[in-house]
Structures are given as C-alpha cells and as structure tokens.
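Derivation of every value follows stated rules applied to the coordinates shown; laboratory data play no part. Just so you know, these numbers come straight off a predicted model, no measurement behind them. Every residue, glycine among them, receives a Cβ derived from its backbone with ideal geometry; neighbour counts consider all protein chains shown.
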Amino acid sequence: MEVHYGGKSLKEPTNLMRKTAAALFPDCSEEQERFLSSLLHPEERGSALVWTKEAREVPLQFVTPEEIPSWLPGEIALLAPGEKPGSTEQYQRGDYYPLDFSSVLTGSALLALRGERTADWKILDLCAAPGGKSILASQLLHPALLLSNEVIGKRLGILRHNLARCGLTETFTQRLSAEEWAAQTPSAFDLSLVDAPCSGQSLLAKGKDNPGCFHPSIVKGNARRQLKILRAAGETVAPGGYLFYSTCTFAIRENEGVVTKLLKSNPDFSAVEVPHLEELRSPHSEFPSYRVYPHRSRGAGGFVCLLRRRDSGQRNEISNRLLSYPVSGSD
Ligand SMILES: C[S@@+](CC[C@H](N)C(=O)[O-])C[C@H]1O[C@@H](n2cnc3c(N)ncnc32)[C@H](O)[C@@H]1O
C-alpha cells in the first residue's frame, strides 16, 4: 500500500517522524525502525465486531481461536483480515458495530470496571461520534443511563443513527461542550469517557493521510484541547467514579503529558491499573497508562488511561432537561 503524507507519496520517514520514534524508543534504534516501517508500510489489520443483539450469525470469517486474546470478552469478535464488516445485512440491522482493534484494546480498559455495580451507573461519553466507545461501554457495562454527547453538530446525525441501529436503550444524546457539562452536571457520573480529538498519528498505519500530524504545533494544540476537555470531564465525575481517556496517537505530549498535567491540577484523581493490558504498559509515565503500537499488535495505535476520583464529597443528580433526546425509536 502506498503511503501519502500531506498529499505526497512517502518513501522515507520525515525528520519529525524520526524525532517522535526516538522519543518513544530512546534506547532501541532497531525498534524505532520497526515502528517507522509500520507507518510507511501499512498492513491490512482486520476489524473487530461488538455484538449488540442476541443474533450472532454473520457471513464473515473470524480469526482462529488461537489468535483470540484470553481476556477478550464474548461481546467482541475478531474478524479475519480483509473481511468487510460494513457489507452485510446484519450490519444494516444493527446486530453488531465494527471497531478497529486499537479501539478494542484501548476500550477494553473498561473491563477493569466490570466488578462494580455498573447496572446502576450513569455514564457520560463526551466525545461520542460516530459512537464506537458508547456502544462498547453500553455492551460491556450495561449502565442504567448513557448520555452520548457530540459537540460538533454535523456529527450528531451519524452518532444517533448508529446508536439507534444498534438498539441502545436508556441512551440519550446531547450536543454540549465539555465546559457546559462541567457547569450543568458537576459530580454526577459514575464514568465519564473522553475518547479525545487528537493529532491522529496512527492513521498512517491504516494507510490514511493525515497531514502535519507529527508537527509540534499540531501536537501542542491537540494536547492543550485534550487537557481542557479532560479537566472539564473530571468535574462531571461523581466521588469514587471513573474518568476514561483515550487517543489514537503516539505523541507523549498528548497522552502521558496530558494526564500528568491533569493529575497535578486535580489531585483527587489517580490512575488505575488495568491488569490485562500490563503488556502494553507505557514506559513514559510512572502512573499506569497503556499504549498500542502498530509494529507490536493488530492495532494501528492508541493510548488509554483510566483514572478514579477520590470517594469524598457530594454526588449530584442529572437534570431531566438533559434527557430530552432519547435514542430508542429515533431511527
Ligand atoms: C476520536 S473521535 C471520537 C470517536 C468516538 N468516541 C467513537 O468511538 O466512535 C473524537 C470526537 O471528539 C469530537 N470533538 C472535537 N473537538 C471537541 C471538543 N473541543 N470537545 C469535545 N469533543 C470534541 C470530534 O467531533 C469527534 O467526534
């Protein structure tokens, strides 16, 4: 597959890519090369499905049982490379939602919460369109309420369409900024998800162009935006609740850098271990955080950190006003 960067065919890594690789793998030039090569020579990686209905029959090929990680829950299935999950009748009916494997890996941090009483939980997904993490959280945790939010108006339609097609119940959409959520629902959610807008460096490993994604000004701008969203999202978390932060990029200034700043300004949060992701543990933070790399896994790339808020202080209710747009019956 030919790779394009800023519209031009890319035969060699750029200097900024090399700089990023050197920061990620400072002690291993061989690993730097393998990482860069996986960006320059994208492979067919195969998708995953999140089952959303009882029906689990679909005319697609799955990976062999030996290729399934032991921690993978029954709600997720891995397709063989080359399978096109958007092409079936079952997809149209909403029997499943396709996710790439990086999203499965980062989203699987939610499995660490399965021992909690999630059936009573209220979840906010702050950056929800087109809906992958909302659907995953709904299927893995079965919360009492899911508020799926997308601030960019033109992305709200696809979000509502996907959630409705997959038959999510007790789910409502909204279109508010993170700051508006912080002001209107402080200390109200058991879990707030921030699958953040980011520089998207892993898109290259999927064969997609993403001009400027390694440029320091793009990385810096995204890190700043993420910190703003994450701080506001933190305010929405109830005492003892959780904050989930993920990206699909490699830059340390986003990812670990953003969490480091959050922990400094919000000492009532601490990062939580996710035991099944231990192999992906980031060496770039002292707190537990996890990285997906394209040369090490089926996933094109990503980052996740799960945080918990100290269990003290008052929990607030969610105003009915925010529940005006139910998903069920809307499609
Ligand atoms: C990585 S995508 C989310 C993908 C989605 N969680 C999923 O799994 O399908 C990031 C989302 O953040 C939204 N976004 C962009 N700027 C934002 C901001 N300032 N505050 C909140 N969300 C923003 C984007 O519109 C986009 O839908």
Of the residues in the stretch 282-331, those that are in a loop (DSSP other than H, G, I, E, B), in contact with a helix residue (DSSP H, G or I) (Cβ under 8 Å, 6 or more places away or on another chain) and within 23 Å of Gly241 (Cα to Cα) come to Ser285, Phe287, Ser289, Ser319
Pairs returned, first residue in the stretch 278-298 that is closer than 22 Å to Arg45 by Cα, second residue that is part of a loop (DSSP other than H, G, I, E, B) and hydrophobic (A, V, I, L, M, F, W, C), beta-carbon separation under 6 angstrom, 6 or more apart or interchain, are Pro294/Ala300
Of (1) closer than 24 Å to Gly234 by Cβ; (2) within 16 Å of the ligand (Cβ to nearest atom); (3) of a type outside the set (Gly, Ala, Ser), Pro85 satisfies every one except (1)
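Every residue in the stretch 1-15 that is in contact with a strand residue (DSSP E or B) (Cβ under 9 Å, 6 or more places away or on another chain) and at positive phi, please.
From the stretch 1-15, those in contact with a strand residue (DSSP E or B) (Cβ under 9 Å, 6 or more places away or on another chain) are 2-3, 10, 14; that's our starting set.
Once the filter is applied, which keeps residues that are in contact with a strand residue (DSSP E or B) (Cβ under 9 Å, 6 or more places away or on another chain) and at positive phi, the stretch 1-15 yields nothing.
Condition first: charged (D, E, K, R), part of a loop (DSSP other than H, G, I, E, B) and within 12 Å of the ligand (Cβ to nearest atom). Now tell me which residues in the stretch 112-150 satisfy that.
Applying the first criterion (charged (D, E, K, R)) to the stretch 112-150 yields 114, 116-117, 120, 122, 125, 133, 150.
Adding the requirement that they be part of a loop (DSSP other than H, G, I, E, B) leaves 114, 116-117, 150.
Residue satisfying the conditions is Glu150 alone.
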Residue hits (the stretch 90-111; touching a strand residue (DSSP E or B) at 6+ places or on another chain (Cβ under 6 Å), within 10 Å of the ligand (Cβ to nearest atom) and within 15 Å of Leu243 (Cβ to Cβ)) are Thr106
Residues of the stretch 224-261 being free of Cβ contacts under 8 Å to residues at least 60 places away in the same chain, more than 28 Å from Asn316 (Cα to Cα) and more than 13 Å from the ligand (Cβ to nearest atom), in sequence order, are Arg253, Asn255, Glu256, Gly257
**Asked** Just wondering, is there one or more residues in the stretch 3-26 that are of a type in the set (Val, Ile, Thr) and touching a Ser or Thr at 6+ places or on another chain (Cβ under 9 Å)?
**Response** yes
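Yes/no per residue for (1) in a strand (DSSP E or B); (2) farther than 29 Å from Pro283 by Cβ:
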{"site": "Asp27", "(1), (2)": "no, no"}
{"site": "Glu31", "(1), (2)": "no, no"}
{"site": "Phe35", "(1), (2)": "no, no"}
{"site": "Glu43", "(1), (2)": "no, no"}
{"site": "Glu57", "(1), (2)": "no, yes"}
{"site": "Leu60", "(1), (2)": "no, yes"}
{"site": "Ser70", "(1), (2)": "no, no"}
{"site": "Ala77", "(1), (2)": "yes, yes"}
{"site": "Tyr91", "(1), (2)": "no, yes"}
Of the residues in the stretch 76-121, those that are surrounded by fewer than 17 Cβ atoms within 10 Å (Cβ to Cβ), within 30 Å of Ala188 (Cβ to Cβ) and not hydrophobic (A, V, I, L, M, F, W, C) come to Arg114, Gly115, Glu116, Arg117, Asp120
Within the stretch 166-206, restricting to residues that are among the hydrophobic types (A, V, I, L, M, F, W, C) and more than 15 Å from Asp125 (Cα to Cα), the one that is nearest to the ligand (Cβ to nearest atom) is Cys198
